[in-house]
Amino acid sequence: MLKNLSHLGILASGSGSNMEAIAHAIGNQAINAQIRVVIYNNPDAKVKERAKRLGIPAILVNHRDYPTREDLDRAIIQTLNAYQVDLVIMAGWMRVVTQVLIDAFSDRILNIHPSLLPSFRGTHAIDQALNYGVKIAGCTVHIVSLEVDSGKILEQAAVPILANDTVTSLQQRIQVQEHLIYPKAIANFLDQVS
Ligand code: GRF
């Protein structure tokens, strides 16, 4: 059972704009939680600087140091436990998680994906949406299950595709929506489980 003030652990591989949006929502009291730790796997990830600026501990757990995905997940669990995390937020985490992490935080791992799931799972969701010619793209927050980019959907936002859209322009508009729906999904999720 989650406590009133939830302890979030953020897993991020890249820029960390979603992490920052969640931190702002916490600052505005839209989410009753605290980000205890940011775990990143790429030494140069921009999320590290953002976390520092926000005064959040940022810990490098470099996947290159672990022979298997399970070993990486065990190191992540150790760090999450050290910071007493009770809800894991994947925010641009570009590693496939294993049953080891899912078992340790059963139904307590959330992810955001830049498509209207179940369409366009995987790492190139925005390119795929453009290539396919769909007229409406978007983003999805869901509970993480073993199959990549699947699991119960918590929140979605639609983003119309414009005639002259590129991957970059569409991604920018999708991110605007991500920064709205991720904090909202976390707040609602915590309301339901606590
Ligand atoms: C987001 O667009 C998310 O949908 C995808 O990775 C991106 C992370 O962006 N999974 P950021 O690091 O939060 O800026």
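The values are calculated or read from the model by the stated rules, or taken from the named source; none is laboratory data. Treat the numbers as computed from the prediction; the structure is a model and nothing was measured. Reconstructed Cβ throughout: ideal geometry from the backbone, glycine too, with neighbour counts over all protein chains shown.
Please state which of the following conditions R64 fails to meet, knowing it meets all the rest: (1) assigned to a strand (DSSP E or B); (2) surrounded by fewer than 20 Cβ atoms within 10 Å (Cβ to Cβ).
Among (1) assigned to a strand (DSSP E or B); (2) surrounded by fewer than 20 Cβ atoms within 10 Å (Cβ to Cβ), the lone unmet condition for R64 is (1).
Applying the selection to segment 32-53, what residues are within 12 Å of V85 (Cα to Cα) and either within 15 Å of the ligand (Cβ to nearest atom) or crowded, with 18+ Cβ neighbours inside 10 Å (or both)?
A33, I35, R36, V37, V38, I39
From the set of residues in segment 137-149 that are in contact with a helix residue (DSSP H, G or I) (Cβ under 9 Å, 6 or more places away or on another chain) and of a type in the set (A, V, I, L, M), which is farthest from the ligand (Cβ to nearest atom)?
L146
Working only within segment 128-158, note down all residues that are farther than 14 Å from R108 by Cα, at pLDDT 95 or above and surrounded by 14 or more Cβ atoms within 10 Å (Cβ to Cβ).
Q128, A129, L130, V134, A137, G138, C139, T140, E155, Q156, A157
Of all residues being touching a strand residue (DSSP E or B) at 6+ places or on another chain (Cβ under 7 Å) and more than 13 Å from the ligand (Cβ to nearest atom) in segment 5-31, which is farthest from Q175 (Cα to Cα)? Just the residue, please.
L5
How do the pairs read when you match residues in segment 82-102 that are farther than 21 Å from P114 by Cα with residues anywhere that are of a type in the set (V, I, T) and surrounded by fewer than 20 Cβ atoms within 10 Å (Cβ to Cβ), using Cβ under 8 Å and keeping only pairs 6 or more apart or on different chains?
Between residues of segment 82-102 that are farther than 21 Å from P114 by Cα and residues that are of a type in the set (V, I, T) and surrounded by fewer than 20 Cβ atoms within 10 Å (Cβ to Cβ), the close pairs are V100/I77; L101/I77.
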